[in-house]
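Everything below concerns the one structure shown next.
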Amino acid sequence: MKSIEKNKNKIQLFLLVKDLTYMVRGGRLPSKVKTIANLFRITPILGNKNGKIVPRGVFFGSKNRIEKYAKYLDSKIKEDKQYNIMIAHANDLENGQKLLNCILTNHSNIKKHYILELGGALGAHTGPGGLAIGIQEINDNSNNN
């Protein structure tokens, strides 16, 4: 239990949703936010803060969305620290692999990396094409799996 409490602040979670429709249907987002996002062609990056899903960043348009997402994530990965990352995709392994390749190309300090399917609870809110990433800062001398 101590280990969980000690390390919970060293994990960042981010989520890229291809279409906000599923977030609205799931009650996680008001429909007016989806309307505004569509009107201005805004693609939000969501994240976890105090147990709630909140906006963490945005970019405009959906063209090159994986590269734009990776560029946003670059600012969260510090070169003087070591990390484990986990990418979860909602029926979009190709873009999950593309995101991983972008991150590994830009960062040599990723110790371990995983790609898996997004679970049903989160996948129901993201819909197809959703990409989540967990970034865990690790200590060089620790044995983090």
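Membrane-span-like helices in the chain (whole DSSP H runs, Cα extent of at least 18 Å along the helix axis, mean Kyte-Doolittle hydropathy of at least 1.0): none found. Normalising the average separation of contacting C-alpha pairs (under 8 angstrom, six or more residues apart) by the number of residues puts the relative contact order of the range 2-138 at 34 percent.
Only helices enter the 222 nm calculation for the chain: every DSSP H run of n ≥ 4 contributes -39,500 (n - 2.57), and dividing by all residues gives -9500 deg cm²/dmol, rounded to 500.
Taking 7 Å steps out from each Cα toward its Cβ at residue 2 and residue 121 produces label points 2.8 nm apart. Ordered by the count of other Cβ atoms within 10 Å of each Cβ, fewest first, 43, 105 give 105, 43.
The label point for residue 139 and the one for residue 42, both projected 7 Å from the Cα toward the Cβ, are 4.0 nm apart. Go through the range 50-145 and name the GluC sites (Glu not before Pro) that are in a DSSP coil and have 13 or fewer other Cβ atoms within 10 Å of their Cβ. Loop-located and lightly packed - 79. Taken about its Cα centre, the chain carries a charge dipole of about 520 debye when Lys and Arg each add +1 at the Cβ and Asp and Glu each add -1 at the Cβ.
Bridges between two residues of the range 2-138, per DSSP, are antiparallel at a rate of about 80%. Please identify the longest segment of the chain free of exposed trypsin sites (Lys or Arg not before Pro), where exposed means a DSSP state other than H, G, I, E or B and no more than 13 other Cβ atoms within 10 Å. Between exposed loop sites, the widest span is 82-145. Within the straight-line cut-off of under 15 Å between alpha carbons, the aspartates and glutamates reachable from residue 63 are 19, sequence neighbours fewer than 8 places apart in one chain being disregarded. In a DSSP loop and with at most 16 other Cβ atoms within 10 Å, the chymotrypsin sites (Phe, Trp or Tyr not before Pro) in the range 1-91 are 40. Once the convex hull of all Cα atoms in the range 8-145 is built, its volume per residue stands at 104 Å³.
Since every read-out is calculated from the coordinates, none of them should be taken as a lab result. Since the model is a prediction, treat every value here as computed from it, not as a measurement. We place every Cβ from the backbone using ideal geometry, glycine too, and count neighbours over all the protein chains shown.
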